[in-house]
Amino acid sequence: MSTEQLTAIVTGAASQRGIGRATARKLAQQGWAVGIIDLDGDAAAAAASEIAAEFGVPALGVAGNVTDPDSVDAAVTAIERALPRVGGLANIAGITSPTRFFETTLEEWNRVMTINATGTYIVSKRVAASMVEAGYGRIANMSSVSAIRGGGVFGGVPYSAAKAAILGFTRALARELGPTGVTVNAVAPGVVSTDIRAASSTPELEEKLSADVPVGRQATADEVAALFAFLLSPDAGYLTGATYDINGGSHIY
Ligand SMILES: NC(=O)c1ccc[n+]([C@@H]2O[C@H](COP(=O)([O-])OP(=O)(O)OC[C@H]3O[C@@H](n4cnc5c(N)ncnc54)[C@H](O)[C@@H]3O)[C@@H](O)[C@H]2O)c1
């Protein structure tokens, strides 16, 4: 880190075993102040208190719905008031869905697209403005290997489409913000051991998902968090518009 402590905002960092929470912890370990935005405001606040106590950095967790610009504005404003200048953003909030194409309703399509893709747009737009003004910023967006290989892991057509939208968003925003000192990259994990599939997976399916990976297991949330932390680090200044695969060899190209 530079001598000035900066704040990293992490969305979707409340769930106990999730990638967002692991990323918030990793960033705190590296000296960032941490702002957490999650639908679950109580869990976000609890995560921030735990992180502040464990790593001795300022942290604030607030309720925010990434699909609602007013809610995002209120959450980011609260973080900006309480914490140092925002220099990093990890857009991690998201949902998955295994529904097959002909069973997908328009409502489900909209829900998956809106939380994953539109949410990334809304939060980035709110946060990037002050980064551009400061001439420095790092944004990392959560995509998925499903965007690249056309599903085939767990998520169906809407999920793959939403995560592919995030890749296009990342590339175009990286180009537009390049001259301003703000970098924008995407992370595309394969299957990660978290609770995101809990509502619709089975132990047999989880075993199969692991067996299909050349390294023979699912990623840990910490492994994906380490990649986000690197992309938000000062060292990553010449990386922008890139997609980082982290899939245990499940998609090699
Ligand atoms: N787990 C995997 O195998 C895997 C693989 C590739 C990509 N991903 C992506 O990683 C991200 C995190 O997944 P995870 O496995 O940690 O899941 P998770 O369910 O543990 O965490 C997701 C978090 O996002 C929050 N969230 C959901 N909707 C929100 C909204 N509208 N506004 C604010 N917060 C919201 C949830 O409350 C939760 O804390 C997701 O974008 C997911 O698509 C996960």
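Could you grab me the full set of residues in the stretch 195-242 that are within 14 Å of the ligand (Cβ to nearest atom), in a loop (DSSP other than H, G, I, E, B) and closer than 20 Å to Ala22 by Cα?
Selection gives Asp195, Ile196, Arg197, Ala198, Arg217, Gln218, Thr220.
Would you say Ser124 is touching a Phe, Trp or Tyr at 6+ places or on another chain (Cβ under 7 Å), open to solvent by less than 30 Å² (accessible area, probe 1.4 Å) and touching a residue at least 12 places away in the same chain (Cβ under 8 Å)?
no
Does any residue of the stretch 196-211 turn out to be under 16 Å from the mean Cα position of the chain (by Cα) and modelled with pLDDT under 95?
Looking for residues that are under 16 Å from the mean Cα position of the chain (by Cα) and modelled with pLDDT under 95, one finds at least one in the stretch 196-211, hence yes.
Of all the residues that make up the stretch 115-134, how many are touching a Lys or Arg at 6+ places or on another chain (Cβ under 9 Å) and of a type in the set (A, V, I, L, M)?
Residues in the stretch 115-134 being touching a Lys or Arg at 6+ places or on another chain (Cβ under 9 Å) and of a type in the set (A, V, I, L, M): 3 in total.
Do you know which residues across the stretch 168-194 are over 16 Å from Asn247 (Cβ atoms), within 15 Å of the ligand (Cβ to nearest atom) and open to solvent by 30 Å² or more (accessible area, probe 1.4 Å)?
Matches in the stretch 168-194: Phe169 only.
State yes or no: is Ala63 within 11 Å of the ligand (Cβ to nearest atom) and over 15 Å from the mean Cα position of the chain (by Cα)?
Yes; evaluated as a whole, the condition is true for this residue.
Answer with yes or no whether Phe154 is among the aromatic types (Phe, Trp, Tyr) and either part of a loop (DSSP other than H, G, I, E, B) or touching a Pro at 6+ places or on another chain (Cβ under 6 Å) (or both).
yes
Among (1) within 23 Å of Arg17 (Cα to Cα); (2) at pLDDT 95 or above; (3) of a type outside the set (Val, Ile, Thr), there is one condition Ala128 misses while meeting the rest; what is its number?
Failing condition for Ala128: (1).
Give me the pairs: first residue in the stretch 141-167 and away from the ligand (no atom under 11 Å from the Cβ), second residue open to solvent by 30 Å² or more (accessible area, probe 1.4 Å) and assigned to a helix (DSSP H, G or I), beta-carbon distance under 6 Å, and six or more apart or on different chains, which are they?
Val157/Phe101; Pro158/Trp109
Does Asp245 count as within 12 Å of the ligand (Cβ to nearest atom) and open to solvent by 60 Å² or more (accessible area, probe 1.4 Å)?
yes
Assess whether Ala117 counts as being more than 16 Å from the chain's Cα centre (by Cα) and either surrounded by fewer than 17 Cβ atoms within 10 Å (Cβ to Cβ) or among the aliphatic types (A, V, I, L, M) (or both).
Criteria not met by Ala117.
Taking the stretch 30-42 on its own, how many of its residues are open to solvent by 30 Å² or more (accessible area, probe 1.4 Å) and either on the phi > 0 side of the Ramachandran plot or in contact (Cβ under 8 Å) with a residue 60 or more places away in the chain (or both)?
So the first thing to find is which residues in the stretch 30-42 are open to solvent by 30 Å² or more (accessible area, probe 1.4 Å), and the list is 30, 39-40, 42.
Now narrow it down to the ones that are either on the phi > 0 side of the Ramachandran plot or in contact (Cβ under 8 Å) with a residue 60 or more places away in the chain (or both): 30.
Residues in the stretch 30-42 being open to solvent by 30 Å² or more (accessible area, probe 1.4 Å) and either on the phi > 0 side of the Ramachandran plot or in contact (Cβ under 8 Å) with a residue 60 or more places away in the chain (or both): 1 in total.
Which one is modelled with the lowest pLDDT among residues in the stretch 167-195 that are touching a Leu at 6+ places or on another chain (Cβ under 6 Å), closer than 19 Å to His251 by Cβ and not small (Gly, Ala, Ser)?
Val191
Hey, among Ala52, Ala45, Ala8, Ala74, which residue is crowded, with 22+ Cβ neighbours inside 10 Å and either assigned to a helix (DSSP H, G or I) or in contact (Cβ under 8 Å) with a residue 12 or more places away in the chain (or both)?
Testing whether each residue is crowded, with 22+ Cβ neighbours inside 10 Å and either assigned to a helix (DSSP H, G or I) or in contact (Cβ under 8 Å) with a residue 12 or more places away in the chain (or both) leaves just Ala8.
The values are calculated or read from the model by the stated rules, or taken from the named source; none is laboratory data. Nothing here was measured: the structure is a model prediction, and the numbers come from that model. No Cβ is skipped: glycine too gets one built from the backbone with ideal geometry, and neighbour counts run over all protein chains shown. Keep in mind that these areas ignore ligands, DNA and RNA; they rest on the heavy atoms of the full protein, side chains included. Shrake-Rupley method; radii C 1.70, N 1.55, O 1.52, S 1.80 Å.
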